Structure formats: structure tokens, C-alpha cells
Amino acid sequence: MNQSQNKYKIVVATQKNKEEFEKTPIKLSIDKLGWSSKLIVITENKQGLSEVYNQFLTEEYAQYKILFVHDDVLIEDLFFDEKLELAFQKYDIVGLAGSKKCNLTAEMPAWHLMCQREDMVGEVSHSKDKNYWTTCFGPTDSRALILDGVFLGINVESLLKTNTKFDENFKFHHYDITFCLTANKNKLKMGVYPLKITHFGLGDSMNTTDWQQSAAKFKELYAKAI
């Protein structure tokens, strides 16, 4: 094992049970990378992601870089650890895709609808019904203001110094946007890096009642604050 891997923990909060999780893209790719000993899994999770993730932003994990990753993510990068090493030399928080600007008064508070096309950064590969494609949002590596929560690499030491946490008002939606806004306010450096990763979800939760309720809460707590 590359010694740099000792710096990392990979946290996955999933609604699947232990048996189901064994077949997920993230579990299969972590095993292939040889990073199984770094994996922390919360199965049959009912807690909000913000609450789960905050449990790892503590002194107990101060020496680690924590990777918060969704269970439908496949890591395919042969140079994963080397790229992470380079990314964390530049950024306190590392993502795959996001934007350099954010319009907090946007009607639909999803990160890709809260910015102009020229402000998008990063890239993510996708898979659906055995079709594969890559969405190139913009430059990578690049500084960012907002990062998509599908993959968030965190330098725990930097967050502890600035007392930066996830907003537990948000459970499964908008936790990433609100977290990044807080991190930016606390002057942490965020950016995207060219990690080869495929997401097996299309981020189509905006049509759900839960997302709409979360969006209303976001507007109440964040949009009116500017």
C-alpha cells in the first residue's frame, strides 16, 4: 500500500443493508484500489448526511483527509492517491464539479442552475442504462465556490481550525451548497481536480417533494441573508 493512503478515510453513508452495499460501485472500486481498510460504511442510514459527516469533523480524525462519497460512485483512476496528494496541496476541500459563482436568489437552488455556464468547473462521467458519457463543465483543476456533494474530499485539520461544519438543517439535499458557502466564508480553499470517477446517478431528485422542501428551507435561511 502506498504510504500516502494512510492519510485517508473514505466515508459512505448508504440506505442499503450490508449485503446490498457489497455490490455497489463504490465498494467494488474501493476493493480494487486496495483501500478497503480505509472504508467506513454507515449502512441502512436514516440520518441526514450533514449529521453523519459532522461526526468525522472532529479531533479524532484531525490527521486524516476524509473522502465523503456516494455509494453509486465508481472510482476508476489508476493514479487516485497521487492525484489526491496533489489536490490537497492546493485545496482544503476537493470536488469533481461545481461553480466559481453562486446566485443565492436563483429560483431553483441547484448548483448548476445557480451560475452561468462559463462559471462551471470540473468534469464527471456518468452511466445510465449501459450508456456512458462524460460531462465537461469547465476547467479542472480549478478553484470553486460551490462543489457537488457526490464526492467531497476534506482536509479535516483545516476545517477544525476554522470551525467549519455541515449545516444540519439540511439532510440529503443542499447540504453540499450550504457547506461550501460556510467554507468560503471561513476562507477555506475549494477546488475541482481531474479525478476519473463515474457516477451512476443523474442527480434527478429535483422533482421530489423532499427536494422542494429543502429548497424552500435554503431560500429561507440563505437567500435572505445576502
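Values as computed for the structure displayed
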{"item": "Total residues in segment 47-68, condition out of contact with any Leu (no Cβ under 8 Å at 6 or more places or on another chain) and either at pLDDT below 95 or aliphatic (A, V, I, L, M) (or both)", "result": "2"}
{"item": "Segment 49-65: number of residues that are closer than 15 Å to LYS161 by Cβ, of a type in the set (A, V, I, L, M) and within 16 Å of the chain's Cα centre (by Cα)", "result": "1"}
{"item": "Residue list for segment 2-20, filter: out of contact with any helix residue (DSSP H, G or I) (no Cβ under 6 Å at 6 or more places or on another chain) and surrounded by 13 or more Cβ atoms within 10 Å (Cβ to Cβ)", "result": "LYS7, VAL11, GLN15, LYS16, GLU20"}
{"item": "Within segment 183-207, tally of residues that are surrounded by fewer than 18 Cβ atoms within 10 Å (Cβ to Cβ) and modelled with pLDDT of 90 or more", "result": "8"}
{"item": "Residue list for segment 128-165, filter: hydrophobic (A, V, I, L, M, F, W, C) and part of a helix (DSSP H, G or I)", "result": "VAL156, LEU159, LEU160"}
{"item": "Candidates ASP148, ASP81, filtered to the one that is acidic (Asp, Glu), in contact (Cβ under 8 Å) with a residue 24 or more places away in the chain, farther than 19 Å from TYR222 by Cβ and in contact with a Leu (Cβ under 9 Å, 6 or more places away or on another chain)", "result": "ASP81"}
{"item": "Pairs with Cβ under 8 Å, 6+ apart, first in segment 108-129 and within 18 Å of MET206 (Cα to Cα) and at pLDDT 90 or above, second among the basic types (Lys, Arg) and part of a loop (DSSP other than H, G, I, E, B)", "result": "CYS115/LYS100; CYS115/LYS101"}
{"item": "Test result for MET190, among the aliphatic types (A, V, I, L, M) and more than 30 Å from LEU86 (Cα to Cα)", "result": "no"}
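The values are calculated or read from the model by the stated rules, or taken from the named source; none is laboratory data. Here the structure is a predicted model, which is why all the values come from computation and not from measurement. For neighbour counting, all protein chains shown are included, and Cβ atoms are generated from backbone atoms with ideal geometry for every residue, glycine included.
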